[in-house]
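Peer 1: The structure is given below, and queries will be raised subsequently.
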Amino acid sequence: MRQLIILLFGSVLIFGCASRITTGTSAGAGKYSEDLSVWRPEATKVVDSAKTTTTPERTRTNQYVEAKYAVSGEVDTILDSIYTENRERGFVDGYTIQVYSGVKREDALNVRKKLSQSLPDLESEVQYRQPNFRVRTGQYFSRLEAQKDYLAVKRHFPNAIVIPDRVPMQ
C-alpha cells in the first residue's frame, strides 16, 4: 500500500511539472523579435589625415627639454639612503641556490665536487649549521637573476632550490 502511494505521488509530481511542448504550427510560436538598436553604440567615422593631405617632413632638433614634474632628486635621495644603510649592515637580502642539505659530510663534499665538474663557472661552498651540511652556489640580488643559473643547476641536481640568503656587499 505504501509503495502504491509513493508511486502515485511520484507520477503526479513528474507529469504535473512537465513543461508543455508546443510545435511551430500555432500563430507566433517560435518567433522572437526585439528591437535593441536603441542600445547599440554608434561608431564615428575617423578620417585618416595622412591619406587626405600631405604633411611636410619634420626636422629634428636636438634641444634639451626640461622636465616640469621631475622626481629624480627625491628618488636619488631615497636610493642614497638605501645604499648607506646596506653598506653599514655589510649585506643585502638576496638569494642563493641550495643544491644539497643533509647530515653526511661526505655526501656534501661529493655534491660540491660534482657541481664544480658539471658547472665550473659557478662557485660553490659547503656550510655547516648543526646538524646539517649545505652546499650552496651563487649569490644573487634578485630571484630573477638566480633563475638562469637555477635552471642550469636543476638539470644536474633535481632537488636544488632557490632560497633567500644574505649577500655580502663588496
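Every number in this text was worked out from the coordinates using simple rules, so none of it is lab data. These numbers were taken from a predicted model, which means no experiment stands behind them. Please note: Cβ atoms are built from the backbone with ideal geometry, for glycine as well, and neighbour counts cover all protein chains shown.
Peer 1: Working from the pairwise distances between different alpha carbons, so that the mean of 1/r is found and then inverted, what is the range 59-106's Kirkwood radius in Å?
Peer 2: Result for the range 59-106, one decimal place: 16.1 Å.
Peer 1: Under 20 Å from the Cα of Lys154, which lysines turn up, not counting those fewer than eight places away in the same chain?
Peer 2: Lys113, Lys114
Peer 1: Could you work out the local net charge near Phe133, counting Lys and Arg as +1, Asp and Glu as -1, over the other residues with Cβ closer than 10 Å to its Cβ?
Peer 2: Every neighbour counted, the sum reads +3.
Peer 1: Charges on Cβ only, +1 for Lys and Arg, -1 for Asp and Glu, centred on the Cα centroid of the range 59-120; of Thr96, Thr77, Ala67, which one is farthest towards the dipole's positive end?
Peer 2: The residue sitting farthest along the positive end of the dipole is Thr96.
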